[in-house]
Amino acid sequence: MKPYVICLMHSSLDGRTHPSRWRPKGAGTDWFEKIHDELGGDAWVIGRVTGSEFAKGKPYPETAAETFPRQSWFARRDAKTYGVVLDAQGKIGWGRSDIGGDPIVVVLTEGVPDSHLAGLRGEGVSYIFAGKSEIDLALTLDILNRELGVKRLLVEGGGVANGAFLRAGLIDEFNLILSPAIDGARGAPFVFDSTDADSDKRAPLAAMTLESTRDLGGGVLLLRYLIKNDPQAMPK
């Protein structure tokens, strides 16, 4: 069963997501965690680049003394909320087992070496497999629901991860915290982005309905959109 998927992001008026680059500075940058908590997800998901920002460890050794089956392994199944990280090739050495108290669950592909799996297990980091060489996001959601009971998932970046969920037709709702600030220069990530390989692919959006607008003060708005995807345009 597919969880209800909400994309939550905070951006400047030009759609950029690094507040340190915004001008004027400090425009409503303390709202993200508050809205995150209000939305009450069973899990939240980020991509590899964003996940790397939370890592405290070094890459795991390149050799392992044993081999492991390519099946899900969970250090914990009893958490209120899980932090899910898309790391297809197993690049992140964590040095921790949780982010802000939420146990980490890494989404891998089957080509990840046994040494990386040994490193994850040694640090108590759960993992699932969702594809042979590329992550199947629909399968990821199915596994999270089936194995961990995730019914409400928050997609929270970066832009490439957000864009992948969007193009897969998996996002049901988009909540955007919009600050009265501008980035205005090249090089910063966008709310939705893609790899070069996916640059010509378009999301199967059929409609976006503005469900509510909330004034958070100081010129900061929370825009809530409901998304309807076109089944005929969904990826096969």
Checklist line | Bridge type composition, the chain - antiparallel percent by DSSP, nearest 5 | finding: 45
Check: Label-point separation (nm) for residue 4 and residue 186, each offset 7 Å from Cα along Cα-to-Cβ?
Finding: 4.3
Next item on the list: Per DSSP H run of n ≥ 4, the term is -39500 (n - 2.57); total these for the chain, divide by its residue number, and report the mean residue ellipticity at 222 nm rounded to 500 deg cm²/dmol.
Entry: -5000 deg cm²/dmol
Item checked: Scattering profile of region 149-223 at q = 0.12, 0.15, 0.17 Å⁻¹ [log10 I(q)/I(0), Debye over alpha-carbon scatterers] -> -0.43, -0.67, -0.85
Next item on the list: Could you check what % of the DSSP bridge pairs in region 30-133 are antiparallel, to the nearest 5?
Entry: 20
Notebook entry, point to check: Counting pairs of alpha carbon atoms under 8 Å apart in space and at least six apart in sequence, what relative contact order in percent does the chain give?
Noted result: 29
Notebook entry, point to check: Of the accessible area of the chain, with the probe set at 1.4 angstrom, what percent is carbon plus sulfur?
Noted result: 51
Check: Using modelled backbone amide H atoms (1.01 Å from N, in-plane), which distant-in-sequence or interchain residues come within less than 5 Å of residue 43's amide H?
Finding: 82, 152, 154
Item checked: Spatially near lysine pairs across the chain, Cα under 21 Å, sequence gap of 8 or more or different chains -> 17
Next item on the list: Calculate, for region 10-59, the solvent-accessible area per residue in square angstrom, rolling a 1.4 angstrom probe over the heavy atoms of the protein chains.
Entry: 57
Notebook entry, point to check: For region 82-160, with every protein chain kept in place, what is the accessible area per residue (1.4 Å probe, Å²)?
Noted result: 33
Item checked: Assigned charges on the beta-carbon of Lys, Arg, Asp, Glu; region 1-143 dipole about Cα centre (debye) -> 380
Next item on the list: Taking the dipole about the Cα centre of the chain, with the C-beta of Lys and Arg at +1 and of Asp and Glu at -1, give me whichever of 13, 175, 212 is farthest to the positive side.
Entry: 13
Notebook entry, point to check: Taking θ as phi - 60°, what are the ³J(HN,Hα) couplings along region 34-39 by the Karplus curve (6.51, -1.76, 1.60), each to the nearest whole Hz, with x for Gly and Pro?
Noted result: 5, 5, 3, 5, 4, 6
Notebook entry, point to check: What is the gain in length, in nm to one decimal, between residue 208 and residue 97 on full extension, counting 0.36 nm per residue of separation less the C-alpha to C-alpha distance?
Noted result: 36.3 nm
Item checked: Rounded Å value of the spacing that divides the Cα centres of region 42-111 and region 159-236 -> 25
Notebook entry, point to check: Could you give the angle, 0 to 90 degrees to the nearest 10, between helix 137-148's Cα long axis and the longest principal axis of the Cα atoms of the chain?
Noted result: 70
Notebook entry, point to check: To the nearest 10 square angstrom, how much accessible area does residue 201 have with a 1.4 angstrom probe?
Noted result: 120
Checklist line | Two-decimal ratio, region 90-194, of alpha-carbon radius of gyration to 2.2 N^0.38 Å | finding: 1.23
Note to self: Among DSSP bridges having both ends in region 73-149, what percentage is antiparallel? Round to the nearest 5.
What the structure shows: 25
Checklist line | ³J(HN,Hα) computed for each position of region 127-134 - Karplus, 6.51 cos²θ - 1.76 cosθ + 1.60, integer Hz, glycine/proline x | finding: 8, 10, 10, 9, x, 7, 10, 10
Check: What Kirkwood hydrodynamic radius, in Å, does region 20-115 give when the mean of 1/r is taken over all pairs of distinct Cα atoms and then inverted?
Finding: 15.5
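The values are calculated or read from the model by the stated rules, or taken from the named source; none is laboratory data. Keep in mind it's a predicted model, so treat the numbers as computed, not measured. Cβ atoms come from the backbone with ideal geometry, glycine included; neighbour counts cover every protein chain shown. Surface areas here come from the heavy atoms of the whole protein model, side chains and all, with no ligands, DNA or RNA. Shrake-Rupley method; radii C 1.70, N 1.55, O 1.52, S 1.80 Å.
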